[in-house]
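**Student:** Mind looking over this structure? Questions follow.
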Amino acid sequence: MSEVDAATDRLLRTAARFDAAGLADASLLPGWTRGHVLAHLARNADGLVNLLTAARTGEHVPMYASDAAREADITAGATRPPEAHLDDLRRCTERFAEAVAAMPVEAWAASVQGRRGPLPAATLVWGRLREIEVHHVDLAAGYRPANWSEAFAHRLLHEVTAGLADRTDAPAMVLRFDGARHRLVVGVPEDAPTITGPAPELAAWLTGRADGRTLTVDPDGPLPLPPEWM
């Protein structure tokens, strides 16, 4: 949890700088203000608490009551005053930490039902870290992919690349990190362009958080167009 705690502290410091006007400003996510992003992060924490509860008890506890309820909660929470956002973020963080601490070792081997299908309970802490770090960038408040740790960027990059393996809309490409010997392959590598750059920039490009202008393409040409990150 130390990485999640540190990421949460950084997020809270950023959120504490926003006044009402700042919260109403656009985020990097189309149609969402910064307030929407913060409300989503709070409800995501509670959704993960539900999944941790399901793993611990063996009962069916959905992440959200429904997609419609999730969207309604985010919309309702987006326009709250700054102090309400901060209080909500702090409280949901405490609830998440308590749910993690309550997990017996054997419960981490359980499978739970996420929004897009079953997933191992063992991935839920990583899922929270991923949400915080990626959506912190979405706040458009000075926190950038370059601020991600190498370990986080590498794991995110591997996860996103693995997720492209079965997608018919993913272009073939070979990804190389600066200074790394190994490569990640999407599709058939023969005749596919090789995209090279720092792991955080590659991950940010594949997740739609950067335009990839710092990356290089071999043979020389335009960057492939990655599909929308799910």
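The values are calculated or read from the model by the stated rules, or taken from the named source; none is laboratory data. Not measured: the values here are computed from a predicted model. No Cβ is skipped: glycine too gets one built from the backbone with ideal geometry, and neighbour counts run over all protein chains shown. The area values use the complete protein model at the heavy-atom level, side chains included, leaving out ligands, DNA and RNA. Shrake-Rupley method; radii C 1.70, N 1.55, O 1.52, S 1.80 Å.
**Student:** How do Ser149, Ser27 rank by accessible surface area computed with a 1.4 Å probe, from largest to smallest?
**Tutor:** The residues order as Ser149, Ser27, largest area first.
**Student:** While we're on this one: Using the per-residue mean of other Cβ atoms lying within 10 Å as a proxy for protection, in what order, highest first, do the peptides 219-229, 124-134, 165-175 fall?
**Tutor:** Highest-to-lowest ranking by the protection proxy: 124-134, 165-175, 219-229.
**Student:** Considering the alpha-carbon set of the chain alone, what are its Rg and its Dmax in angstrom?
**Tutor:** According to the Cα coordinates of the chain, Rg and Dmax are 18.6, 54 Å.
**Student:** Here is a follow-up. If you line up the long axis of helix 124-138 against the longest principal axis of the chain, both from Cα atoms, how many degrees apart are they, to the nearest 10?
**Tutor:** 70 degrees
**Student:** Which distance in nm do the two modelled labels at Glu150 and Arg10 give, with both placed 7 Å along the Cα-to-Cβ direction?
**Tutor:** 1.5 nm
**Student:** Then there is this: Search the structure for amide H atoms under 5 Å from the amide H of Thr33, placed 1.01 Å from N in the peptide plane, and list their residues when 5 or more places away or on another chain.
**Tutor:** Those qualifying (amide H under 5 Å, at least 5 residues apart or on another chain) are Ser27.
**Student:** Further question on the same structure: Find, among the trypsin sites (Lys or Arg not before Pro) in segment 51-120, those assigned to loop by DSSP (not H, G, I, E, B) with at most 15 other beta-carbon atoms within 10 angstrom.
**Tutor:** Within segment 51-120, the qualifying trypsin sites (Lys or Arg not before Pro) (loop, at most 15 other Cβ atoms within 10 Å) are Arg115, Arg116.
**Student:** Determine the share of the chain's accessible area contributed by carbon and sulfur atoms, expressed in whole percent, with a 1.4 angstrom probe.
**Tutor:** Reported share for carbon and sulfur atoms: 53 percent.
**Student:** Now a separate question. Using only the C-alpha atoms of segment 142-220, find the volume of their convex hull and express it per residue in Å³.
**Tutor:** Each residue corresponds to 96 Å³ of Cα convex hull volume.
**Student:** List every residue whose amide H lies under 5 Å from the amide H of Val112, counting only residues 5 or more places away in sequence or on a different chain, with H placed 1.01 Å from N in the peptide plane.
**Tutor:** For Val112, whose amide H was placed from the backbone, the distant partners under 5 Å are Leu119, Ala121.
**Student:** Same structure, new question: Give the long-range amide H neighbours of Trp229: residues separated by 5 or more places, or on another chain, with amide H under 5 Å away, using H modelled in the peptide plane at 1.01 Å from N.
**Tutor:** none
**Student:** Shifting gears a bit: Normalising by the residue count of the chain, find the relative contact order in percent from Cα pairs under 8 Å and 6+ residues apart.
**Tutor:** 17 percent
**Student:** Let me ask something else. Before rounding to the nearest 500, sum -39500 (n - 2.57) across all DSSP H runs of length at least 4 in the chain and divide by the residue total; then give [θ] at 222 nm in deg cm²/dmol.
**Tutor:** Theoretical 222 nm ellipticity from helices: -16000 deg cm²/dmol.
**Student:** Let me spell out the model: positive unit charges on the Cβ of Lys and Arg, negative unit charges on the Cβ of Asp and Glu, origin at the Cα centre of the chain. What dipole size does that give, in debye rounded to 20?
**Tutor:** I would put it at about 240 debye.
**Student:** Same structure, new question: Just by accessible area at a 1.4 angstrom probe, what is the order of Thr93, Thr79 from largest to smallest?
**Tutor:** The ranking, largest first, comes out as Thr79, Thr93.
**Student:** Next question. If DNA, RNA and ligands are ignored and the probe is 1.4 Å, what is the ranking of Thr33, Thr14 by accessible area, most exposed first?
**Tutor:** The ordering from most to least exposed comes out as Thr33, Thr14.
**Student:** Still on this structure: Write down the radius of gyration of segment 54-98 and its Dmax, each obtained from C-alpha positions, in Å.
**Tutor:** According to the Cα coordinates of segment 54-98, Rg and Dmax are 13.2, 38 Å.
**Student:** Quick one: accessible area per residue over segment 64-188, 1.4 Å probe, rounded to a whole number of Å²?
**Tutor:** On a per-residue basis, segment 64-188 sits at 52 Å².
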